[in-house]
Amino acid sequence: MAERIRVLVYYRCDDEAKIRDAYHVVSPRLSQVPGLLNNELLASTHDPNSYIVLSEWTDRETHRRWEQSQEHLEQTAPLKPYLDNQLPMSFGIYEVKASY
C-alpha cells in the first residue's frame, strides 16, 4: 500500500503580507492537482522571517509526477523568490508511518 507523504518547503521573507499573498495565488492553482490532499502556510514562532508550506499527498509517486512536470514550475512560481536558499535543501519529504 502506498504511504501518504507530507512535503515541507522552507521559505524566508521579511514581509509576511508578500509571502501570504504569494501563497494565496499558488493554492487555488493547486486545488485540482491529482493526489494533493491539502496544504498550509506555517509561520515560525521563533524566527519572524521563516515560513513553511506543508502539503499532504496521497502517495510519493503522485507527488513525484507532479514535481517533475512543467505545471509544477508554473503553478508555484509566485513562491519561488522566497525559497530559503540558506539551507542545504529547501524542502523535505516525509512518509506518514503512523497517525491517530
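The values are calculated or read from the model by the stated rules, or taken from the named source; none is laboratory data. These numbers were taken from a predicted model, which means no experiment stands behind them. All Cβ positions, even for glycine, are placed from backbone atoms using ideal geometry, and neighbour counts span all protein chains on display. Please note that ligands, DNA and RNA were not included when accessible areas were found on the heavy atoms of the full protein model with its side chains. Shrake-Rupley method; radii C 1.70, N 1.55, O 1.52, S 1.80 Å.
Run through the DSSP bridge list for the chain and note the antiparallel percent, rounded to the nearest 5.
Percent antiparallel among DSSP bridges in the chain is about 100.
Please list, by residue number, everything in the range 76-100 whose backbone N is under 14 Å from a paramagnetic label point 7 Å out along Cα→Cβ of LEU42.
91-96
If you rank VAL25, VAL53 by how much accessible surface each has, with a 1.4 Å probe, what is the order from largest down?
Ranking VAL25, VAL53 by accessible area, largest first, yields VAL25, VAL53.
Using only protein heavy atoms and a 1.4 Å probe, report how much of LYS80 is accessible, in Å² to the nearest 10.
140 Å²
Where does the chain land at 222 nm, in deg cm²/dmol rounded to the nearest 500, when only DSSP H runs of n ≥ 4 count, each adding -39500 (n - 2.57), divided by all residues?
Dividing the helical sum by the residues of the chain leaves -9000 deg cm²/dmol.
What do you reckon, how do ASP14, ASP84 stack up by accessible area (1.4 Å probe), largest on top?
Descending accessible area places them as ASP14, ASP84.
Looking at GLN75, HIS63, MET89, which one has the Cα that reaches farthest to the positive end of the dipole of the range 37-94 (charges on Cβ: Lys, Arg +1; Asp, Glu -1)?
MET89
Excluding LEU37 itself, calculate the net charge of residues whose Cβ lies under 10 Å from the Cβ of LEU37, where each Lys or Arg counts +1 and each Asp or Glu counts -1.
It works out to a net charge of +1.
Can you give me the solvent accessible area of ASP47 with a 1.4 Å probe, rounded to the nearest 10 Å²?
Roughly 50 Å² of ASP47 is accessible to a 1.4 Å probe.
Once the whole set of protein chains is in place, how much accessible area is left on HIS24, using a 1.4 Å probe, in Å² to the nearest 10?
Accessible surface of HIS24 is approximately 110 Å².
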